[in-house]
Amino acid sequence: MNSVLAATSTLLWWVLYSSMAALVFALIGWSVMRWTERCAVVFNRIYLACLLWTMAGLLLVFLVAVYEGALHPPYDGLLHSGLLRVVLVLDMLIGAILLWRLVPRIDARRIRPGSACMAVAVSMAVGFGVATTLV
């Protein structure tokens, strides 16, 4: 019973942290895509894409941390890991694909892949800035 409760709690915290980060990334992505597309974009679809992207990203980074054995602070060894860099590039690719495929403009056309890549790049730059400040 304890393992079921622990697994349920872990899943709930995973979704909670993902949704908080997704809101920040959705606000960044919405402003970037509104600027690059020169047209209004649908915010709730950006949030959905960012939520799926954040959940996948957290899972990938967690799996790398388990593989590297860096589950407890300090995380300096994890940040210098080559495997983490590969996973972060994969994460950015997943984010760009999700944003490109899931986010329409107000006129029902799909956003350009360049706009999705720019939104992911700005979000990752902000995320790296926050991560390096905290570590």
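The values are calculated or read from the model by the stated rules, or taken from the named source; none is laboratory data. Note that the structure is a prediction, hence the values are computed from the model and not measured. Cβ placement follows ideal geometry from the backbone for every residue including glycine, while neighbour counts extend to all protein chains displayed. Accessible surface areas use protein heavy atoms only, side chains included; no ligands, DNA or RNA. Shrake-Rupley method; radii C 1.70, N 1.55, O 1.52, S 1.80 Å.
Results, tabulated for the structure shown:
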{"read-out": "Test: MET124 is in contact with a Gly (Cβ under 9 Å, 6 or more places away or on another chain), modelled with pLDDT of 90 or more and closer than 23 Å to TRP13 by Cα", "value": "yes"}
{"read-out": "Residue list for region 43-59, filter: open to solvent by 10 Å² or more (accessible area, probe 1.4 Å) and either under 14 Å from SER115 (Cα atoms) or charged (D, E, K, R) (or both)", "value": "ARG45"}
{"read-out": "Test: residue in region 3-26 that is under 14 Å from ALA119 (Cβ atoms), open to solvent by 80 Å² or more (accessible area, probe 1.4 Å) and at pLDDT 95 or above", "value": "no"}
{"read-out": "Candidate set: region 75-100, residues that are touching a residue at least 24 places away in the same chain (Cβ under 8 Å) and either of a type outside the set (A, V, I, L, M) or in a loop (DSSP other than H, G, I, E, B) (or both); chosen: the one surrounded by the fewest Cβ atoms within 10 Å (Cβ to Cβ)", "value": "ASP76"}
{"read-out": "Selection count, region 38-63, where residues are among the β-branched types (Val, Ile, Thr), in contact with a Ser or Thr (Cβ under 9 Å, 6 or more places away or on another chain) and either modelled with pLDDT under 95 or not in a helix (DSSP H, G or I) (or both)", "value": "1"}
{"read-out": "Check on MET118, under 21 Å from ASN44 (Cβ atoms), among the hydrophobic types (A, V, I, L, M, F, W, C) and either touching a helix residue (DSSP H, G or I) at 6+ places or on another chain (Cβ under 9 Å) or open to solvent by 50 Å² or more (accessible area, probe 1.4 Å) (or both)", "value": "yes"}
{"read-out": "First in region 14-37 and within 12 Å of ALA49 (Cα to Cα) and assigned to a helix (DSSP H, G or I), second anywhere and at pLDDT 95 or above and of a type in the set (Lys, Arg), Cβ under 8 Å, 6 or more apart", "value": "none"}
